[in-house]
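K.L.:
Let me give you the structure first, and then I'll get to my questions.
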């Protein structure tokens, strides 16, 4: 099983993330940010990744540090769990609709961090959640998971639907990229012979 647990403590947040990339989509989420919990549940269920994420942060200020640091810690756990990447598909992609909204996510487990994030939300907040924080989450993830990630919301007028299609597509793209390809058994999916920086 490709698993990892990472604990990250700072003066702003205390976070523990456990991942199982070969799971069944189970999630235990206690971030203190309910809408983020809802989105991370989508990643687990649609990615068939087991997630256990527990966070305490300075939410009396706002959710910025907590959301960003969860992205960082999840990225660190993912990087440990994926291992040497031999035999995996490496690339993953997904289009996911929800009513009027449609998003596309493409990922490359390249060993090089990079985020292209093309999302214009229809409003600035979903309940109490500031949608700007999603960009911070994904930046934290890619910088520490060492992946290239393209996120495009192609259409949508309901911000909740926009966000949900992004996170569902992210989970499905991760699932595809992490899958073991029997034809690639023991082979590094790179002409360089490595998928590290």
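K.L.:
Just to verify a number: FRET efficiency for residue 54 and residue 182, C-beta to C-beta distance, R0 = 35 Å, to 0.05? Don't skip to the end; give the middle numbers.
P.N.:
On the way: r = 36 Å, r/R0 = 1.02.
Once rounded, the FRET efficiency stands at 0.45.
K.L.:
State the extension gain, in nm to one decimal, for the chain segment bounded by residue 154 and residue 132, taking 0.36 nm per residue of separation less the distance between their alpha-carbons.
P.N.:
6.2 nm
K.L.:
Sort all Cα-Cα distances of the chain into consecutive 5 angstrom bins from zero, then give the percent of pairs in each bin up to the one containing the longest distance.
P.N.:
For the chain, the pair-distance distribution reads 1, 8, 16, 22, 21, 16, 9, 4, 2, 0, 0.
K.L.:
Which FRET efficiency, nearest 0.05, do residue 37 and residue 112 yield, Cβ-Cβ r, R0 25 Å?
P.N.:
The computed FRET efficiency comes out at 0.25.
K.L.:
For a quick check, take a GNM of the chain with Cα springs below 10 Å and name the residue from 44, 101, 145 with the largest mean-square fluctuation.
P.N.:
Largest GNM mean-square fluctuation: 101.
K.L.:
Would you mind telling me which residue in 21, 11, 149 has the biggest mean-square fluctuation in a Gaussian network model of the chain, where springs connect alpha carbons within a distance under 10 angstrom?
P.N.:
Sorting by GNM fluctuation, first place goes to 11.
K.L.:
So what's the angle, to the nearest 10 degrees on a 0 to 90 scale, between helix 159-178 and the longest Cα principal axis of the chain?
P.N.:
Rounded to the nearest ten degrees, it is 20.
K.L.:
Could you list 122, 110 so that the one with the fewest beta carbons within 10 Å of its beta carbon is first and the one with the most is last?
P.N.:
122, 110
K.L.:
Can you tell me the relative contact order of the chain? Whole percent, Cα pairs under 8 Å, sequence separation 6 or more.
P.N.:
The normalised contact order for the chain reaches 27 percent.
K.L.:
Please build a GNM for the chain, connecting alpha carbons under 10 Å apart, and tell me which residue among 78, 35, 138 fluctuates the most.
P.N.:
Judging by the Gaussian network model, the answer is 35.
K.L.:
Using just the Cα positions, wrap region 57-100 in a convex hull and report its mean projected area in square nanometres, one decimal place.
P.N.:
5.5
K.L.:
Next question. Between residue 86 and residue 120, what is the label-point separation in nm under the 7 Å Cα-to-beta-carbon projection?
P.N.:
That separation, rounded to one decimal, is 4.8 nm.
K.L.:
222 nm [θ] for the chain, helices only, -39500 (n - 2.57) per DSSP H run of 4+, per residue, to 500?
P.N.:
Only helices count here, giving -11500 deg cm²/dmol.
Read the figures in this text as sums done on the coordinates, not as results from a lab. The structure displayed is predicted, hence computed values, not measured ones. When we count neighbours, we look across all protein chains shown, and the Cβ atoms used for this are built from the backbone with ideal geometry, even at glycine.
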